[in-house]
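For reference, the structure is listed below as structure tokens.
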Amino acid sequence: MMRTESGGTTTEERASGGSNGADGPVDFVARVRALGPAFAERAPRHDSEGSFVADNYQDLREAKVFSAIIPSDLGGGGASYAEVAAVIGELARYDGSTALSYAMHTHPVAANVYKHLHGDERSSAALRKIAAGELVIAGTGANDWLRSSGSAVAVEGGYRVTAHKRFVSGSPGADLFVTSAAYQTEEASEVLHFAIPFSTKGVTLLTNWNALGMRGTGSGDVVLDDVFVPEEAIVMRRPAGGWHPMWDVIIPTALPLITAAYVGLAEAAAEVAVEVARSKKAPPAELIGEMRSRLAVAQMALDDMVARNADHSFTPSLEQTDTIFVRKALATEAVKDTVELAAEIVGGSGFYRGHPIERMVRDVRASHFHPLPVRAQRNFTGRLALGLEPI
């Protein structure tokens, strides 16, 4: 097995399995690598302004990267799950915000690929529509977690939804909004999951994203003001609160792709640090060794997460979900350590705004907020081991 010097697999190896578009195999990692230098050049401006990476999104649309993971018989690029994880890691080497936004689009698409491959005709139809229009998705995902926010009221033909959703990454460049809302009946509290166009009357995107890192993701709030959601737009309804089996599909699909963005950032930071160290009279070999060791932990955790997805063929279970949560937590801590050590190796120049290392130090902080944060993961894992409900 081919490995990087730090112990993890190479981008090419993570992409093994290839893709097979309508005109034959498509190398999406190579497409991203060709676009990457322009993304890297724009990154300081987007970070400084806190502006959305709209130009990068346009380039990715034209290269049909947004439909890469959709099977070729549905009009997509036919890329394997592993290849798209490698695409995200490659994007992160040039711009973390673009990589994360793309990951947040790709994971709900990948969940639909899983359902399509397991016989869900609604998902098949949705994927054909996304591929035909190279449509882009943004959603709240696990930010709403088990109960969801907002409220849905039943009306003729559907529901009226009022809600204020936060952290909607990529929303300025998206066509479809995937989210949920609380629905109360006399019998029970439910959560309704639905997808609607961002152009729907009553949907407003706020330009209030002004964060420490990942500043180009456009992760502002989305307000739904008495928005009509037709019954046919409801893709899932579940009891509010406790754990639902849907998460056992979503977590092993979403988290490896999201984690790939942060591991890609760590790989880029390590490369910058080693290059700087080579020019020093007394290279800090021990620090470099520690950095590369921590990077290897992040890479191996990611590699195992991607392998466990098994190209959309995994069997959903609480045990599988727990395994993914554990590896995400391991990768998160190792990524942050890697980038901090890279900053120490680079030295004072990396403390200045505009230096790639300075931006990476801030960007990887966002990894904590994806489910589950480390302490919540430990509680989940511990409760499951004790035979208790995980949440």
> Can you name the helices of the chain, as whole DSSP H runs, whose Cα span along the helix axis is 15 Å or more and whose Kyte-Doolittle mean is not below -1.0?
Replying inline: 28-49, 81-94, 96-117, 121-133, 247-278, 285-309, 318-346, 374-385
>> Rounded to the nearest 20 debye, what is the charge dipole size of the chain about its Cα centre when +1 sits on each Lys and Arg Cβ and -1 on each Asp and Glu Cβ?
In response: 700 debye
> Simple spin-label model, 7 Å along Cα-to-Cβ: R353 to T200 in nm?
Replying inline: 3.8 nm
> When the accessible area of the chain is computed with all protein chains present and a 1.4 Å probe, what percentage of it is carbon and sulfur?
Replying inline: 54 percent
> Going by the alpha-carbon gyration tensor, a ≥ b ≥ c the square roots of its eigenvalues, is the range 310-387 rounded (a/c under 1.5) or, if a/c is not under 1.5, prolate (a/b greater than b/c) versus oblate?
Replying inline: prolate
> What share of the DSSP beta bridges in the range 58-210 is antiparallel, in percent to the nearest 5?
Replying inline: 75 percent
> Using alpha-carbon positions, what is the distance between the centroids of the range 263-284 and the range 119-153, in Å?
Replying inline: 40 Å
> Between exposed GluC sites (Glu not before Pro) in the chain, where DSSP calls loop and at most 11 other Cβ atoms lie within 10 Å, what's the longest gap?
Replying inline: 188-391
>> Output wanted: per-residue J couplings in Hz (rounded whole) for the range 218-224, from phi through Karplus 6.51 cos²θ - 1.76 cosθ + 1.60, θ = phi - 60°, x for Gly and Pro.
In response: x, 8, x, 6, 10, 9, 10
>> Given axes a ≥ b ≥ c from the Cα gyration tensor, I'd like to know whether the range 42-157 is rounded (a/c under 1.5), prolate (a/b larger than b/c) or oblate.
In response: oblate
> Once Lys and Arg get +1 and Asp and Glu get -1 on their Cβ, which of N379, G78, G350 lies farthest toward the positive end of the dipole of the chain?
Replying inline: G350
> Of the labelled options (1) 34, 27, 17; (2) 37, 22, 18; (3) 34, 23, 22, which one gives semi-axes √(5λ) of the Cα gyration tensor in Å as computed for this structure?
Replying inline: (3)
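Quick one: net charge around L224, please, counting Lys, Arg +1 and Asp, Glu -1 for every other residue with C-beta under 10 Å from its C-beta.
With Lys, Arg at +1 and Asp, Glu at -1, the neighbours total 0.
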>> Within 10 Å of each candidate Cβ there may be at most 14 other Cβ atoms; applying that plus a DSSP loop requirement, which trypsin sites (Lys or Arg not before Pro) in the range 153-234 survive?
In response: K201
>> What distance in nm separates the two pseudo spin-label positions at R375 and E62, each 7 Å out from Cα along the beta-carbon direction?
In response: 4.7 nm
> For a paramagnetic label modelled at 7 Å from the Cα of L318 toward its Cβ, which residues of the range 230-259 fall within the zone defined by backbone nitrogen distances under 15 Å?
Replying inline: 242-249
>> A 25 angstrom limit on the alpha carbon distance is what I want to check against. Which of K165/K201; K280/K328; K64/K115; K115/K328; K129/K201 exceed it?
In response: K280/K328
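The values are calculated or read from the model by the stated rules, or taken from the named source; none is laboratory data. As the structure is a computational prediction, the values presented were derived from the model and not from experiment. Cβ atoms come from the backbone with ideal geometry, glycine included; neighbour counts cover every protein chain shown. Keep in mind that these areas ignore ligands, DNA and RNA; they rest on the heavy atoms of the full protein, side chains included. Shrake-Rupley method; radii C 1.70, N 1.55, O 1.52, S 1.80 Å.
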